[in-house]
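Below you'll find the structure, written out as structure tokens, and then a few comments.
Each value in this text was obtained by applying a stated rule to the coordinates, not by laboratory testing. What you are looking at is a predicted structure, and each value in this text was computed from that prediction instead of being measured. Methodologically, a virtual Cβ is constructed for each residue, glycine included, from the backbone with ideal geometry; neighbour enumeration extends over all protein chains shown.
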Amino acid sequence: MNSLTKNAAAGGGAGPEVDPRLLVAEPGLRGLVQTAGARLRAGELGSLPVIVGLIVIWTVFQTQNSNFLTANNLTNLSLQMAATGTIAVGVFMILLLGEIDLSVGWVSGLAASVMAVLEVKHGWNPILAIVAAIVVGAVIGAFQGSVFAVFGVPSFVVTLAGFIAWQGVQLKVLGTDGSINLPTNAITKLTSTFFTAATGWAVVIVIVIVYVLAQLVELRSRVAAGLRPRPPAEIGVRTATIAIALVVAVWVLNRDRGLPLALVIFGGLVFILDLITRRTAYGRHVYALGGNVEATRRAGINVRFMRITVFMIGSSLAAVGGVLAASRGTAVTQSSGGSDTLLNAIAAAVIGGTSLFGGRGRAWSALLGILVIQSISNGMDLLGLDQSIKFIITGAVLLASVLLDAVARRGRQAAGRG
Amino acid sequence: MTEPVLSLRNISKRFGAVQALSGVDLDVPAGEVLALVGDNGAGKSTLVKTISGVGPPSGGHIRFDGREVHIGRPQDAVALGIATVYQDLSLCDNLDVVNNLFLGREPRPAWGRALHVLDEIEMERRSVELLSTLSVRIPSVRIPVASLSGGQRQSVAIARSLLGDPKVVILDEPTAALGVAQTAQVLDLIVRLKERGLAVLVISHNLADVFAVCDRVVVLRLGRNSGSFDVAAASQEEVVAAITGADTVLSGAGRAGRRAGLPATAGEIGEAGLPGGSGGAADAGDRGHQPEREPDPSRAAGPPDAPGSEGPGSEGPSPKETSL
Ligand SMILES: Nc1ncnc2c1ncn2[C@@H]1O[C@H](COP(=O)(O)OP(=O)(O)OP(=O)(O)O)[C@@H](O)[C@H]1O
Ligand SMILES: [Mg+2]
């Protein structure tokens, strides 16, 4: 720090002045409720639409088909979620920039096709084939990101071109057969491995302990630095929410086959991306770019590098999603990654609270969002609805989620929160 | 005068058909405050952007610390130690005050340096400290800057420039949106920066402020040098004359012998500064070397290039009207 502030801190001595107009929440639960209410009115919807949506969707499907909320179906749901959810996390990163990637669906399919061809036709080691699939994703992301960042072609157009082109490449890669079945090995095990009940509970306990410790460490260092800590009531409510959600989830999963590996992979990826976006300078610069590109450039941040790498992350995650989808389907076909994959991934990110306008959202929101989207998809399958109806409903859900985003944005602007 | 830390020679800048700067020279010595003045559209902000890497010059040379340098990107300027507060405030509305202050130079704790982990607590602590030094009053350092007033945003932008331990600080109309107390703080701060041996370049339309804190005044007019004055020896009238072009003084501090009919007080500058005003038409013959373009009257009369509706100029009278 330069000596300027030190001098003044030593000389002035006065602590930070608290503006008398700042509304400080009352301590305790009452204050929490008040703060939450104020946030909602200001357009900070957070996870509320997701939770309300989930309750409505689950109630409707459960009344229509009593198999919906069974342990078996919920376990299937979690397996279906992992693939598109991973793609949705990549979409989340791109949306943070205020950009869009329309190619993620076919990129996932193409990456899976490359993996299948290398493994089945060329006898590659399955792990190496997976790595190759992810590299394909990263290269595609670097290419599309560069066209966008270097030449200034709108990301919408670049990735729309990719949407068509990668689909064509996928057809080429798969060749005349058009589909490749995967043998039972490391790849298919990704989505057919389940942990024992004890391991599942151990995971829950570790997560909760780590979470509480992290909160306490932060609390202590904030107090040590003389800053206002997060209210203990808030920490308590957050911890309880997370603990209850995890316990219920693992309890349900344990009643069927147990905690699926695929869900752990997906959850792990969400966790890593959450750390990157919230705790690193890189992540902060992604948010900054979503807020004001020129200001970010003037702050000396390499905008091109950021844009290209974010597109690489998006496409790489799409590739991982494609691998998970192939693993679950035990095959790659010409339509892998097509159909509603793209729409579902975007809808999941947006419905979870990531703004299409950039600079706003949390990685966890992709997890919650995909839970909503996959519940709808799974429920419609259970009811045996026609494909036409499913497309119409998926489209309507996406529209509803972006509408919500646009309305919330107006609320934020009215409340002076950008 | 010491060897200038920043020295510009023959700087030019074109925007398509507009020659915004032609042959501008500027020396910014360490330990001095240099004022850059001129009418609206004279090219002051453009010149600042050539130094800060936001809009590199089309021609000319820049020397920094005695070395010829090329500033092609904002990173280059930051690396040299040039900090800039832009007229169109460069803040990210969606980020909170702390993150805006540290954007691009976030402190990282020792254990997480390689992973670029953020040290939020250190950032917040230093933000609170810095803002209270500058007497900036904001509700909380953790609210998005979108919810700050124009002056509060400007204070944040100024505070931002001081974080990186710069050698040269450039302030483009730093007090335009500020209240009385905050303006005094900024002027006081400028003096303190100078006392610490920094080179300060201030753009302002308020000659009273300029004369209060600056050592030299450089005047730009229609994209060219139009005079350079030693504040101790010059009068405001002479500077005004150079700004309006009432007399094409190229250099020379403390010259006397103005022509009659010049605005005598600072209060008349606004009027005289308009094209076609008392000064503009009278000396058309003297300005054969200058571009034929006159400043756009709508620009000259309006508020500074305020960013959108949230800019500092949007509330109440234009800052220039109040300051002059
Ligand atoms: N990006 C641009 N594209 C085209 N012309 C520009 C651009 N930026 C500035 N100009 C032109 O260059 C000239 C100088 O503008 P500049 O912003 O440097 O003026 P200024 O001296 O800072 O004025 P003010 O006192 O109003 O801030 C003006 O005629 C302006 O129209
Ligand atoms: Mg300007």
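For A:Ile370, A:Ile57, what ranking results if the residue with the fewest other Cβ atoms within 10 Å of its Cβ goes first? Present the calculation step by step, with values, prior to reporting the outcome.
Details: A:Ile370 31, A:Ile57 19.
Result, fewest neighbours first: A:Ile57, A:Ile370.
As a length-normalised measure over Cα pairs under 8 Å and 6 or more apart, the relative contact order of chain A settles at 34 percent. A Cβ-based charge dipole, computed about the Cα centre of chain A with Lys and Arg at +1 and Asp and Glu at -1, lands at about 1080 debye. Taking amide H atoms as placed 1.01 Å from N in the peptide plane, the amide H of B:Ala35 lies under 5 Å from those of B:Val202, B:Asp215, B:Arg216, B:Val217, B:Val218, each 5 or more residues away in sequence or on another chain. Qualifying chymotrypsin sites (Phe, Trp or Tyr not before Pro) in the stretch A:284-360, where qualification requires a DSSP coil assignment and no more than 12 other C-beta atoms within 10 Å, are lacking entirely.
Here the 3J(HN,Hα) profile of the stretch B:184-198, calculated from phi with Karplus coefficients 6.51, -1.76 and 1.60 at θ = phi - 60°, is 4, 4, 5, 4, 4, 5, 4, 5, 5, 4, 4, 5, 7, x, 7 Hz, Gly and Pro shown as x.
By other beta-carbon atoms within 10 Å, ranking B:Asp230, B:Asp39 with the fewest at the front produces B:Asp230, B:Asp39.
Under the combined filter of DSSP loop state and at most 15 neighbouring Cβ atoms within 10 Å, the stretch A:106-215 retains none of its trypsin sites (Lys or Arg not before Pro). To the nearest 10 degrees, how steep is helix A:341-351 against the longest Cα principal axis of chain A, on a 0 to 90 scale? Taking the Cα atoms of chain A, the angle to A:341-351 is about 20 degrees.
For the stretch B:207-221, 3J(HN,Hα) computed residue by residue from phi via the Karplus equation (6.51, -1.76, 1.60; θ = phi - 60°) reads 5, 4, 4, 4, 5, 6, 10, 9, 9, 10, 10, 10, 10, 10, 9 Hz, glycine and proline entered as x.
Let me check against my output: what whole-number percent is the relative contact order of the stretch A:103-255, with C-alpha pairs under 8 Å and at least 6 apart?
Details: 100 pairs, mean separation 38.1, N = 153.
Averaging sequence separation for qualifying contacts and normalising by length gives 25 percent for the stretch A:103-255.
Shape call for the stretch A:257-339 from the C-alpha gyration tensor, a ≥ b ≥ c root eigenvalues: rounded (a/c under 1.5), prolate (a/b greater than b/c) or oblate? Verdict is oblate for the stretch A:257-339. Report the one residue of B:Gly60, B:Phe15, B:Thr50 whose Cα lies farthest in the direction of the positive end of the charge dipole of the stretch B:9-64 (charges on C-beta: Lys and Arg +1, Asp and Glu -1; origin at the Cα centre). The residue sitting farthest along the positive end of the dipole is B:Phe15.
If R0 is 30 Å, what FRET efficiency do you get for A:Val252 and A:Val212 from their C-beta distance, rounded to 0.05? Intermediate values should be presented prior to the final figure.
On the way: r = 23 Å, r/R0 = 0.78.
For R0 = 30 Å, the calculated efficiency reads 0.80.
Classify the stretch B:1-117 from the C-alpha gyration tensor, please: rounded if a/c falls under 1.5, else prolate or oblate depending on whether a/b exceeds b/c. Working shown, then result.
Details: a/c = 2.10, a/b = 1.58, b/c = 1.32.
Note, shape of the stretch B:1-117 comes out prolate.
Which angle from 0 to 90°, rounded to the nearest 10, does the C-alpha axis of helix A:232-255 make with the longest principal axis of chain A? Result, in degrees: 20. Per residue, the convex hull spanned by the alpha carbons of chain A comes to 165 Å³. For the segment A:279-287, counting C-beta atoms of other chains within 10 Å of every residue's C-beta and taking the mean gives 6.
Set Lys and Arg Cβ to +1 and Asp and Glu Cβ to -1, take the dipole of chain A about its Cα centre, and tell me which of A:Ile55, A:Thr176, A:His122 lies farthest positive. Looking along the dipole axis, the top candidate is A:Ile55. With the charge dipole of chain A set up from +1 on Lys and Arg Cβ and -1 on Asp and Glu Cβ about the Cα centre, the Cα lying farthest toward the positive end among the listed residues A:Phe391, A:Ala38, A:Leu371 is that of A:Ala38.
Remark: A:Phe92, A:Phe163, A:Phe391, B:Phe64 ranked as A:Phe391, A:Phe163, B:Phe64, A:Phe92, counting other beta-carbon atoms within 10 Å and listing the fewest first.
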